[in-house]
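Following: one structure in structure tokens, then a few remarks.
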Amino acid sequence: MILSMTGYGKTEIQLPTKKVTIEVKSLNSKNIDLNVRIPSYYKEKELAIRKKLATKLVRGKVDFSIYVESIGENLLSQINKDAIQIYMKQLKEISNASDLELLQMAVKLPETIQTLREPLDEQEWKQIDDAIDKTLEKIVLYRTDEGKTLQQDFLKRINFIEVFLEKIVELDPQRVENVKTKLQKAIVELEAKVDENRFEQELIYYLEKLDITEEKVRLKNHLNYFLKELDAPISNGKKLGFITQEMGREINTIGSKANFAEMQQVVVQMKDELEKIKEQNLNVL
């Protein structure tokens, strides 16, 4: 089973004096990259939140937010009356403005609004922490569903490569004969006299250099290994990436040894499917 690094989760809870919304979304990344936005009065819980996110999500670019909407009279800001009165007094000394005009000017100056630091209510935080867990369950479910889609795409493209590999196997005898014919034709055109035994030895040596038996076997093994890892209990995109690199190495070698137009065309199709696998694998956890 594979998981995607792309996911989204959201949970809203209603507390007596506030509405709390928890939101988490993730995209692909080589490592865990956390961006946590929470109200200042929950800052003491940030390390615990980060640890929970890293443990549950493992890898990806993760944006986590807690939004709080106060209800009723439970406001976290208040007017700083003393500061406003001092500002108005000072402004009156340098201005003939009315009290209303002085007030309008004063409220725009710094520190006229005070933000109160609400003490953390552990019972309230317990509800929020439970909501965080639910949100993480939602994003994991999202990642699982996305992973199923990715897996189906991988299976389809691996199957394409297997079909192309079978085509390579079918073309190989024809390729060998084609190489022999081209060499013999070249000798005839040169009108050169050659020792038949020496020619056969050189031909065997040349064909051995162009032999792709090992590459075909290794590529088949890599395809099977990739399919096996898709069904592994733990999603491991990095391992799948390593396997695709090995697959690419064998395909490239087959292409460089092909020396046969029809086989090279098939190799190009294999490379195209492999590139699509590599691109999708960037999203695998």
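Among the residues of the range 230-270, those identified as acidic (Asp, Glu) and at pLDDT 95 or above are Glu246, Glu250. Inside the range 1-27, can you point out the residues that are over 30 Å from Pro233 (Cβ atoms) and not in a strand (DSSP E or B)? Of everything in the range 1-27, those that are over 30 Å from Pro233 (Cβ atoms) and not in a strand (DSSP E or B) turn out to be Leu15, Pro16, Thr17. Considering each of Lys271, Lys276, Lys220 in turn, give the residue that is touching a residue at least 40 places away in the same chain (Cβ under 8 Å), under 30 Å from Leu183 (Cβ atoms), of a type outside the set (S, T, N, Q) and assigned to a helix (DSSP H, G or I). So the residue among Lys271, Lys276, Lys220 that is touching a residue at least 40 places away in the same chain (Cβ under 8 Å), under 30 Å from Leu183 (Cβ atoms), of a type outside the set (S, T, N, Q) and assigned to a helix (DSSP H, G or I) is Lys220. Taken over the range 31-60, residues that are touching a residue at least 40 places away in the same chain (Cβ under 8 Å) and either aromatic (Phe, Trp, Tyr) or in a strand (DSSP E or B) (or both) amount to 3.
If you check Gln174, Gln127, which single one turns out to be over 32 Å from the mean Cα position of the chain (by Cα), surrounded by fewer than 17 Cβ atoms within 10 Å (Cβ to Cβ) and assigned to a helix (DSSP H, G or I)? Explain how you work it out, then say what you get.
Details: Gln127 fails: over 32 Å from the mean Cα position of the chain (by Cα).
None of the other options fit; the residue is Gln174.
Mind listing whichever residues of the range 256-268 are outside any loop (DSSP other than H, G, I, E, B), touching a Lys or Arg at 6+ places or on another chain (Cβ under 9 Å) and crowded, with 18+ Cβ neighbours inside 10 Å? Answer for the range 256-268, where residues must be outside any loop (DSSP other than H, G, I, E, B), touching a Lys or Arg at 6+ places or on another chain (Cβ under 9 Å) and crowded, with 18+ Cβ neighbours inside 10 Å: Ala258, Met263, Val266.
Is it fair to say Arg37 is exposed (fewer than 15 other Cβ atoms within 10 Å of the Cβ), at pLDDT 95 or above and farther than 27 Å from Glu279 by Cα? Before you say what the answer is, go through the steps one by one.
Numbers: exposed (fewer than 15 other Cβ atoms within 10 Å of the Cβ): yes; at pLDDT 95 or above: yes; farther than 27 Å from Glu279 by Cα: yes.
In short, yes.
Going residue by residue through the range 75-87, is there one that turns out to be within 30 Å of Ser4 (Cα to Cα) and out of contact with any His (no Cβ under 9 Å at 6 or more places or on another chain)? Explain how you work it out, then say what you get.
Let us first name the residues in the range 75-87 that are within 30 Å of Ser4 (Cα to Cα), namely none.
No, that holds for no residue.
Being touching a Gly at 6+ places or on another chain (Cβ under 8 Å), among the aromatic types (Phe, Trp, Tyr) and farther than 19 Å from Ile13 by Cα is a condition met by at least one residue of the range 128-144. The C-beta contact set for the range 86-111 (first residue without any contact (Cβ under 8 Å) to a residue 12 or more places away in the chain, second residue outside any helix (DSSP H, G or I), distance under 9 angstrom, 6+ apart or interchain) comprises Glu101/Ser95; Gln104/Ala97.
If you go through the range 66-86 one residue at a time, do you hit one that is in contact with a helix residue (DSSP H, G or I) (Cβ under 8 Å, 6 or more places away or on another chain), within 25 Å of Glu137 (Cα to Cα), at pLDDT 85 or above and not aromatic (Phe, Trp, Tyr)? Yes, the conditions are met somewhere in the range 66-86.
The values are calculated or read from the model by the stated rules, or taken from the named source; none is laboratory data. None of these values were measured; they are calculated from a predicted model. Methodologically, a virtual Cβ is constructed for each residue, glycine included, from the backbone with ideal geometry; neighbour enumeration extends over all protein chains shown.
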